């Protein structure tokens, strides 16, 4: 029996038999998944261990099963309070995504499991459970002579240190031995840790809030310090517990958590005075932070990843000391009188470890600056937006004209006037407007009121579901990742052509409906992927919203969408009325003008 999707994950009961080479069944076992009881169990192997890694394993189990934010927050705070150093610091890093540990490939884990289990049985188990870590943690067949008492359980810090010191040929044996020494909950935690795929419904921001609650601090203080500290964060915990002073950051040339804007929703602006706000264009690039202190220069992504080596043309042009916030774009700056190019062009420079001279010449990068965090060594985040912008303007005026310009302000007197500008921007690389209180200070995180983002209306098409795959985490037992297509004329006649994938936008109730449709209308399987019946006479139509569209030589359809999501289910609409590929191509051409075109 399947339990409701939210707020608690399903509990599965799986009777399994191991099969020998000639098909004889042996060792019937009962597997109980992460359910209402809180912990995974496996008959015959539940050791009840209470070793040093158990607190982290218990934390992951309970976080997965706790739907409410406040419940998760209490679990995290209790863990940080009750767990000793350095284990709690490593646990914090694992949850917040700052832990550097040698990752184990899922293929290795599958191979190790198949050394002890029939492949067909494993495939059925994985298909039923939907999550690789949970499946392996439950079906792992321990060596019977391995000691699993609490005295030999590895500490979390020891596991991490050992993994990072191993040679390539030693990893496999270490993973096998560690899985043998842990019970199901411990194995689940270890696999999540070693693969770097936590997916437990906890954000880094929530973990920082738990730290703030632990020490009675403002979460903004935690955000300010965060990127200047490293795991296992012992100096941070000393300060939070009153055993030491506030950590001192040696230099501003580190990443500082960025301030985020709140999306404009209905009636958000009606009670606000336009005179209190300034507006800027929202450019379709990637947000970056530039830092220089002395001879140390850095370029960070909005999440804090160091991308300096990918943009030597910008790095070498940072002539000022301080930290600024801006948009990374390609093409020409406003001061060079060359056009700003599309996000599709920018993608040619992204995710590259090295950049050729030809790439630098064909896709020149530049920064459109819009805020200042440090002016030299002076922290100006507490200053007003207008003051910070005045300082920034002076800095950009002295910076190389081909690498830096200042994001221009947009003149407006009413929200209606700004709305008209938003929907008809002067450049196709503009995706909306940013609205900032003139007196706002620079605060890490997303607060409603100081900053808003007001994006252009999304594009929309009607498409037909073609393929589905199970999701991860709490969606691991539901088909929630969908490939959709539109009609196109091909050499074999009119067919559906895949044009994108989407895995969000629908409600839990709609997911139930989609999942049921997939299960009842699967016509073929390709590993974890199910092909769904979709033809002119039958199919499930969905309305897909997306932020942009470009030509793409990497996709069979020739088009690539940006941020597609399922905005509406259209079970009332026959599949033959879904949109055509020509509609999407026309959108690309018209988007070079004033924004989303009318549907054809």
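Measuring nothing but how far apart in sequence close Cα pairs (under 8 Å, 6+ apart) lie, relative to its length, the chain scores a relative contact order of 11 percent. Take every Cα pair under 8 Å whose residues are at least 6 apart in sequence, average their separation, divide by the length of the stretch 317-458, and the relative contact order is 26 percent. Normalised by the residues of the stretch 516-594, what does the relative contact order come to in percent, with Cα pairs under 8 Å and at least six apart? About 27 percent, as a whole number. First check a/c for the stretch 459-590, with a ≥ b ≥ c the square roots of the eigenvalues of its C-alpha gyration tensor; if it is under 1.5, answer rounded, and if not, answer prolate when a/b is larger than b/c or oblate otherwise. The shape class here is prolate.
Just to be sure I understand, if you calculate Cα extents along the principal axes in Å for this structure, which of (i) 71, 66, 63; (ii) 70, 69, 55; (iii) 76, 71, 52 do you get? Label of the calculated value: (iii). Over the C-alpha atoms of the stretch 259-455, the Rg to Rh ratio, Rh being the Kirkwood estimate, stands at 0.96.
Spatial offset of the stretch 567-583 relative to the stretch 326-372 amounts to 37 Å, using the alpha carbon center of each. Is the stretch 435-479 rounded, prolate or oblate when judged by the Cα gyration tensor, a ≥ b ≥ c being the square roots of its eigenvalues, rounded requiring a/c under 1.5 and prolate requiring a/b larger than b/c? Oblate.
Would you work out the Kirkwood radius for the stretch 476-517? I mean one over the mean of 1/r across all pairs of different Cα atoms, in Å. Can you show the working numbers first?
Working: mean 1/r = 0.0838 Å⁻¹.
It is 11.9 Å.
Read-outs throughout are calculated quantities, based only on the coordinates presented, and are distinct from any laboratory measurement. Note that the coordinates shown come from a computational prediction; the quantities given were computed from them, not determined experimentally.
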